[in-house]
Amino acid sequence: MNIQAQSVIEQNPNELIDLNILDKINILYDKPLLELVFEAQTIHRQFHDSSKIQFCTLSSIKTGACPENCHYCPQSAHYKTAVEAHALLDINEVLEQAKEAKNNGSTRFCMGASWRDLPEGKDFERIVELIKSVKILNLEVCCTLGMITETQAYKLAEAGLHTYNHNIDNSPEFYQEIISTRSFEDRIQTLKNIQLAGIKVCSGGILGMGETSTDRKRFLAVLASLKPHYPDSVPINALVPIEGTPLQDRPLLDPFDLVRMVAIARIIMPKAMVRLSAGRRSLNDEAQALCFLAGANSIHTGEKLLTTPNAGLNHDYELISKLGLKPLEASL
Ligand code: SAM
Ligand code: DTB
Ligand code: SF4
């Protein structure tokens, strides 16, 4: 983005928001919850097989010591948390994890790294090798490695990367209260680079960080207004408050607020996979079922998310079979 375009967005975040979409979200947000869930499920059935849930497994291939100061994150070097840092993992170790994920029913394997931006050189070459090797296993390969340039995006696409995850996290206005080491525009620029290279975009955010309902509406409005089209996948995370981070004392998100946001995301981005991401461990089965009814059709499975404990595979199998749902087969 040139400097002129960047300053237009800084002065006027509405540049990122289609006001017709925001109007629609405002109306949806005020609907009675069950009416909203019904509308979301009706749309869900037009675009997706409502009996299927995609399993997606995360791997933290490079952990901790991150220079960014994201107030929610256990991996930031700015805070003292229980996370044990490690450098980029060896290819064989990651491949073992990917094989296990596949055996456990995952169709997508997402590799996450605690980088501000993707480095050049040896680490970049290893990422390219990792993408190629995981792809051979017939898994959808996803990465979340921080900011990437257009040239890097093309190289990752060439290696066979299916999806890149890069969250906008919240509204443009609230974002600045949560992270100061990079700007909202930086995030948008990386999303553009990903799209230009023909990689599918996965972008969502975190709820329960102290944002207002206006922030929540504007967060969804930015996602749904992304050009040339909204993200292929939208992770909705509930904050996992981490000891040592500035958000450690935030109260847990009200599950009904999560259901409302999932339902609106489903209605305004009907084709997207809506992923019930972090925070599922503190939801009971009934709240998760409501999220599925509201149109969530993907979860992270496995014992861990990136660094924090996850719901657990046995429990997930039990839950989806109780609900009469099935894991989505690979679409490759
Ligand atoms: N460093 C890369 C980046 O920030 O894009 C990739 C890894 S980062 C950990 C991936 C995402 O995890 C963040 O964008 C954030 O949405 C989510 N996340 C991190 N800590 C979280 C927490 N405590 N609760 C919920 N979501 C969290
Ligand atoms: C996303 O939006 N949520 C996932 C995935 N994308 C990479 C990560 C959640 C991380 C939660 C905190 C942790 O386990 O470190
Ligand atoms: Fe670093 Fe990503 Fe954590 Fe921010 S969210 S501190 S960029 S690992």
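Based on alpha-carbon centroids, what's the gap between the stretch 211-241 and the stretch 81-127 in Å, whole number please?
25
Between ASN104 and GLU173, what's the calculated FRET efficiency when r is the beta-carbon distance and R0 is 30 Å? Round to 0.05.
Computed FRET efficiency for ASN104 and GLU173 comes out at 0.15.
Using only the alpha carbons, work out the radius of gyration and Dmax of the stretch 102-188 in angstrom.
In order Rg, Dmax, the Cα atoms of the stretch 102-188 give 14.4, 42 Å.
Percent antiparallel among DSSP beta bridges with both residues in the stretch 3-327, to the nearest 5?
Around 5 percent of the beta bridges assigned by DSSP in the stretch 3-327 are antiparallel ones.
Just checking the chain: which Cys have no other cysteine's beta-carbon under 4.7 Å?
Flagged as lacking a Cys partner: CYS56, CYS66, CYS143, CYS202, CYS291.
Can you compute the FRET efficiency between ASP285 and LYS122 using 1/(1 + (r/R0)^6), with r the Cβ-Cβ distance and R0 = 56 Å? Round to the nearest 0.05.
In this case the efficiency is close to 0.80.
Take every Cα pair under 8 Å in the chain that's 6+ residues apart, average their separations, divide by the length, and report that relative contact order as a whole percent.
About 24 percent, as a whole number.
Hey, any idea what Rg/Rh is for the chain, computing Rh the Kirkwood way over Cα pairs?
0.93
Can you give me the long-range amide H partners of LEU328? Hydrogens built in the peptide plane at 1.01 Å from N, cutoff under 5 Å, separation of 5 or more residues or another chain.
Under 5 Å from the amide H of LEU328 lie the amide H atoms of ILE53, GLN54, PHE55, each far enough along the sequence or on another chain.
Cross-link list LYS200/LYS322; LYS102/LYS271; LYS31/LYS227; LYS122/LYS227; LYS135/LYS192; LYS62/LYS217: which exceed 30 angstrom alpha carbon to alpha carbon?
In this structure, LYS200/LYS322; LYS122/LYS227; LYS62/LYS217 lie more than 30 Å apart at Cα.
Once every DSSP H run of n ≥ 4 in the chain is given -39500 (n - 2.57) and the sum is divided by its residues, what mean residue ellipticity at 222 nm do you get, rounded to the nearest 500 deg cm²/dmol?
-13000 deg cm²/dmol
How many nm separate the modelled label positions at ASP257 and LYS31, each set 7 Å beyond the Cα in the direction of the Cβ?
2.1
So what's Rg/Rh here for the stretch 247-296, counting alpha carbon atoms and using the Kirkwood radius for Rh?
Expressed as Rg/Rh, it is 0.99.
Take the Cβ-Cβ distance between ASP90 and GLU318 as r, set R0 to 30 Å, and report the resulting FRET efficiency rounded to the nearest 0.05.
Taking R0 as 30 Å, the efficiency between ASP90 and GLU318 is 0.35.
Read-outs throughout are calculated quantities, based only on the coordinates presented, and are distinct from any laboratory measurement. The structure displayed is predicted, hence computed values, not measured ones. All Cβ positions, glycine included, derive from the backbone under ideal geometry; neighbour counts span all protein chains shown.
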